[in-house]
Amino acid sequence: MVDNNVQEGVGVIVLDVPQRRLLLGYRLGDHCPRTLAFPGGKTENGESYLECAKRELSEETGLALRFLDSVPCTTTRDIFPDQVYNTFYLRALWDQKQIPKVDREFSEFRWMHWKHLSETGESLFLPVKNLIEMGYNPFK
């Protein structure tokens, strides 16, 4: 049975493997503004998770990177007051030649260490909090 109230989204975990950092951005807009989030968004009709991840990464950062995953490496169920999302994550490798550019979705991007992310005092987007709480390690 399909629940029409549940939306599907994709999060792109951009890895800087040598420095063990991840790319996160400060969200703009009405939905959880000024929280740190991965690039990503809703899947469009008929789009695979990988196609969505590549499109969202390009639209939101200008990056065209090599993906480690062709199918989601993990997922979270994110319950917001007005909507429920199943967020599917795919990892991409930063090639250190491309610089992420902000767009209408993010005010700025920062490279952050995953193991210290929950200790920064920054407001985290619910899917990021959920990944931390489930003990996910994007570098494994």
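The values are calculated or read from the model by the stated rules, or taken from the named source; none is laboratory data. In this text the structure is predicted, and so the values were computed from the model without any measurement. Note that each Cβ is placed from the backbone with ideal geometry, even for glycine, and that neighbours are counted across all protein chains shown.
The conditions of being surrounded by fewer than 16 Cβ atoms within 10 Å (Cβ to Cβ), polar (S, T, N, Q) and at pLDDT 95 or above are not met by S70. Scanning the range 49-59 finds one or more residues that are closer than 24 Å to E133 by Cα, aliphatic (A, V, I, L, M) and outside any loop (DSSP other than H, G, I, E, B). Per the listing F109, F80, F88, the residue uniquely surrounded by fewer than 17 Cβ atoms within 10 Å (Cβ to Cβ) and under 21 Å from I132 (Cα atoms) is F80.
Of all the residues in the range 112-140, those that are surrounded by 18 or more Cβ atoms within 10 Å (Cβ to Cβ) and charged (D, E, K, R) number 0.
In this structure, I13 does satisfy being closer than 15 Å to V128 by Cβ, within 11 Å of the chain's Cα centre (by Cα) and of a type in the set (A, V, I, L, M).
Yes or no, residue by residue, for (1) over 14 Å from I13 (Cα atoms); (2) touching a helix residue (DSSP H, G or I) at 6+ places or on another chain (Cβ under 7 Å); (3) among the acidic types (D, E):
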| position | (1), (2), (3) |
| --- | --- |
| G41 | no, yes, no |
| G46 | yes, no, no |
| P72 | no, yes, no |
| R91 | no, no, no |
| K101 | yes, yes, no |
| S107 | yes, no, no |
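On the basis of being of a type in the set (D, E) and either assigned to a loop (DSSP other than H, G, I, E, B) or surrounded by 13 or more Cβ atoms within 10 Å (Cβ to Cβ) (or both), does E44 make the cut? So E44 fits the description; yes.
Condition first: within 20 Å of S48 (Cα to Cα), at pLDDT 90 or above and under 16 Å from the mean Cα position of the chain (by Cα). Can you find one or more residues in the range 96-119 that meet it?
Looking for residues that are within 20 Å of S48 (Cα to Cα), at pLDDT 90 or above and under 16 Å from the mean Cα position of the chain (by Cα), one finds none in the range 96-119, hence no.
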